[in-house]
Amino acid sequence: MAGYGQFCAVARAHEVLGGRWTLLVVRELLCGSRRFNDIRRGIPRISRTMLSERLQALAAIGAVERVEPGPEYLLTKAGRELAGLVGALGHWGQRWLPRRAEAEDLDLEPLLVDLRRRVDFDALPRDPLVVRFEIRGHPQHFLLLTPAEASLCTHNPGFPEPLCVQGPLAALVAWWRGDTGFAEARRMGLTVQGPRVLARAFPGWFLRYQLAGIAPAAVPAELDA
């Protein structure tokens with residue numbers, strides 16, 4: 001594909017980083033994913049072929065290093081410097097794009113992956129437990145929480161299962177993304193079934209989405225129509 005034909009560093013960087021999925025792959029690596037399947041779990045709509053191509057392209061420009069055995073994919077110094085770009089892009093999107101959870105933005109798997117990443121281990125109960133997610137229209141998922149580890153599973157690995165989160169995905173997304181508080185998410189249909197003490201504590205077990213604290217810009221009504 002022909003480049004922009006400009007000396008400008010913005011144009012040259014966009015040629016190698018502006019392709020579909022590329023910065024999402026970088027985002028997953030910045031969040032700690034190293035193996036192919038872990039990266040894809042955070043971007044479930046990318047094909048295996050496309051992910052392989054994007055990783056190869058990032059390696060070709062020196063942003064990613066492939067390490068054996070595994071293999072594992074690690075960000076180089078050049079790749080780690082993309083954290084500022086990815087953060088700025090997310091900040092802009094959280095501030096200026098509509099905060100409604102549109103249907104095309106609703107995907108349970110990456111939300112649960114992010115939720116697992118953002119566990120506040122100091123806030124968890126002492127004994128290991130499993131939270132079952134029964135989100136409307138999606139297969140069940142199970143989140144194992146221990147004082148030192150959080151794991152996302154497709155079945156209960158054999159621990160007590162005192163809590164079940166139920167309801168529409170839109171409500172869970174709205175809470176996680178910071179669009180609403182947990183009480184408002186409940187009014188949208190989200191419920192946490194189980195012992196009252198644990199159910200009330202559940203929202204505090206997580207640090208929330210990294211950009212949840214960014215307030216939306218005050219857009220004039222005629223522009224937001």
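The values are calculated or read from the model by the stated rules, or taken from the named source; none is laboratory data. Remember, predicted model here, so these are calculated numbers, not experimental data. FYI the Cβ positions are ideal-geometry reconstructions off the backbone, even for glycines, and counts take in every protein chain you see.
Values for this structure:
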item	result
Glu222, sole failed condition from (1) more than 23 Å from Ala103 (Cβ to Cβ); (2) at pLDDT 95 or above; (3) assigned to a helix (DSSP H, G or I)	(2)
Filter result (crowded, with 16+ Cβ neighbours inside 10 Å, in a loop (DSSP other than H, G, I, E, B) and not β-branched (Val, Ile, Thr)) within segment 22-54	Cys31, Ser33
Qualifying residue in segment 74-91 (condition: more than 18 Å from Ala185 (Cβ to Cβ), in contact with an Asp or Glu (Cβ under 8 Å, 6 or more places away or on another chain) and either hydroxyl-bearing (Ser, Thr, Tyr) or without any contact (Cβ under 8 Å) to a residue 12 or more places away in the chain (or both))	yes
Residues located in segment 77-124, provided they are part of a helix (DSSP H, G or I), over 30 Å from Cys153 (Cβ atoms) and hydrophobic (A, V, I, L, M, F, W, C)	Ala78, Leu85, Ala88, Leu89, Trp92, Trp96
Test: Leu111 is in contact with a helix residue (DSSP H, G or I) (Cβ under 9 Å, 6 or more places away or on another chain) and in the same structural domain as Cys153 (by TED's automatic domain parsing)	yes
Options Ala63, Ala57; residue that is more than 12 Å from the chain's Cα centre (by Cα), closer than 19 Å to Ala88 by Cβ and among the aliphatic types (A, V, I, L, M)	Ala63
Residue match in segment 180-196 (condition: farther than 15 Å from Asp114 by Cβ and either under 18 Å from the mean Cα position of the chain (by Cα) or not assigned by TED's automatic domain parsing to the domain that holds Glu134 (or both))	yes
Helices (runs of 4 or more DSSP H) wholly inside segment 125-216 that include at least 1 residues being among the β-branched types (Val, Ile, Thr), loosely packed, with under 14 Cβ neighbours inside 10 Å and without any contact (Cβ under 8 Å) to a residue 12 or more places away in the chain	196-201
Filtered residue count, segment 31-84, keeping only those that are among the hydroxyl-bearing types (Ser, Thr, Tyr) and out of contact with any strand residue (DSSP E or B) (no Cβ under 6 Å at 6 or more places or on another chain)	4
Every residue from segment 107-160 that is of a type in the set (Asp, Glu) and within 15 Å of Ala201 (Cα to Cα)	Asp120, Asp122, Asp127
